[in-house]
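Data first, discussion second: the structure below is written as structure tokens.
The values are calculated or read from the model by the stated rules, or taken from the named source; none is laboratory data. Computed from a predicted structure; not experimentally measured. Ideal geometry is used to build each Cβ from the backbone, glycine not excepted, and the neighbour counts take in all protein chains shown.
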Amino acid sequence: MTEQTFKDRVALVTGAGRGIGRAVALELARRGAAVVVNYQKSAQAAREVVQQIEAGGGRGAAFQADVSEAGQAQALVKFTLETFGGLDILVNNAGITRDTLLLTMSDDDWDIVLKTNLKSTFNCSRAAVKAMVRKRYGRIVNIASVAGQMGNPGQANYSASKAGQIGFTKALAREVASRNITVNAVAPGFVETEILAGIPAETLEAALKMVPLGRKGQPEEVAWAVAFLASEQAGYITGQVLGIDGGMAMM
Ligand code: NAP
């Protein structure tokens with residue numbers, strides 16, 4: 001990949017004000033893409049990501065949308081098409097956790113995690129694929145998780161949503177392959193973002209013992225892999241799940 005890998009490409013990254021989404025937006029912009037930085041609550045952070053993109057000579061725009069709501073996801077895609085004249089790369093990154101053991105998991109804990117992590121992926125992909133089919137080009141990268149491959153105690157809702165994203169990735173990959181659209185997922189392990197703040201320190205320390213590389217990952221390490229899958233050169237890779245987990249799940 002070069003600095004110009006995404007020249008003339010338009011990318012939309014959901015939940016890009018902070019964490020992994022922010023790193024992905026910056027990486028795609030650094031390599032030449034015009035990037036829509038979606039956020040739900042982190043307005044100031046999203047504005048700062050756009051400022052950073054523009055300071056580097058790139059093009060970016062922030063847009064508020066709760067991507068778990070179909071109408072708002074459609075508005076986000078419409079904004080992207082109108083602002084930058086197309087949509088080549090969609091990164092479904094927005095995600096939350098509501099960790100608790102099954103016996104104490106409320107209906108709301110289940111519903112909001114499935115809606116935010118999985119329904120959002122459906123919402124944004126459905127809206128984006130329309131434009132990609134017309135153009136006969138597209139790259140969709142879903143940010144799943146090692147929890148969707150291995151399961152994680154206390155995360156039945158989150159693990160189900162991430163496994164769902166993986167199934168969705170494979171089904172859609174088969175559906176749109178003939179239109180030159182690839183659909184892949186990455187499955188990060190423990191990556192240093194605010195999402196880890198909800199995990200007790202001793203649980204995290206014990207979990208890190210399962211990581212052959214013996215450390216947490218950085219958002220930039222996920223971003224680099226996402227950029228690879230989003231590149232034109234990765235055009236013969238579809239329906240795959242790339243682990244970015246320090247070797248935690250060797251599938
Ligand atoms: P994070 O720092 O907590 O960021 C979560 C992001 O999701 C925020 O930008 C947030 O936006 C956005 N978001 C949440 N609900 C949204 C909604 N309804 N609409 C639009 N945006 C929404 O977490 P992260 O670690 O970067 O996680 C990013 C993705 O990576 C998630 O899908 C997560 O499951 C996955 N992942 C993370 C890890 C890890 O260890 N960090 C491991 C595996 C997978 P606002 O702040 O604007 O609300």
Per the filter on region 87-127, residues surrounded by fewer than 17 Cβ atoms within 10 Å (Cβ to Cβ) and of a type outside the set (A, V, I, L, M, F, W, C) are T100, T104, S106, D107, D108, D111, R126
The one condition G71 fails out of (1) assigned to a helix (DSSP H, G or I); (2) within 13 Å of the ligand (Cβ to nearest atom); (3) surrounded by fewer than 24 Cβ atoms within 10 Å (Cβ to Cβ); (4) under 19 Å from the mean Cα position of the chain (by Cα) is (4)
When restricted to G246, G239, the only residue modelled with pLDDT of 95 or more, surrounded by fewer than 18 Cβ atoms within 10 Å (Cβ to Cβ) and assigned to a loop (DSSP other than H, G, I, E, B) is G239
Restricting region 93-123 to residues that are within 8 Å of the ligand (Cβ to nearest atom) and not in a helix (DSSP H, G or I), the one nearest to the chain's Cα centre (by Cα) turns out to be N93
Filter region 7-31 for residues that are part of a loop (DSSP other than H, G, I, E, B) and either at positive phi or buried (at least 24 other Cβ atoms within 10 Å of the Cβ) (or both); the one that is farthest from the ligand (Cβ to nearest atom) is D8
Any residue at all in region 198-221 that is buried (at least 19 other Cβ atoms within 10 Å of the Cβ) and either more than 11 Å from the ligand (Cβ to nearest atom) or not polar (S, T, N, Q) (or both)? yes
Item to complete: Within region 44-61, identify whether any single residue is in a strand (DSSP E or B), within 16 Å of the ligand (Cβ to nearest atom) and more than 14 Å from the chain's Cα centre (by Cα), and answer yes or no.
Response: yes
Subset of region 183-208, residues assigned to a loop (DSSP other than H, G, I, E, B) and modelled with pLDDT of 95 or more, comes to G189, F190, E192, T193
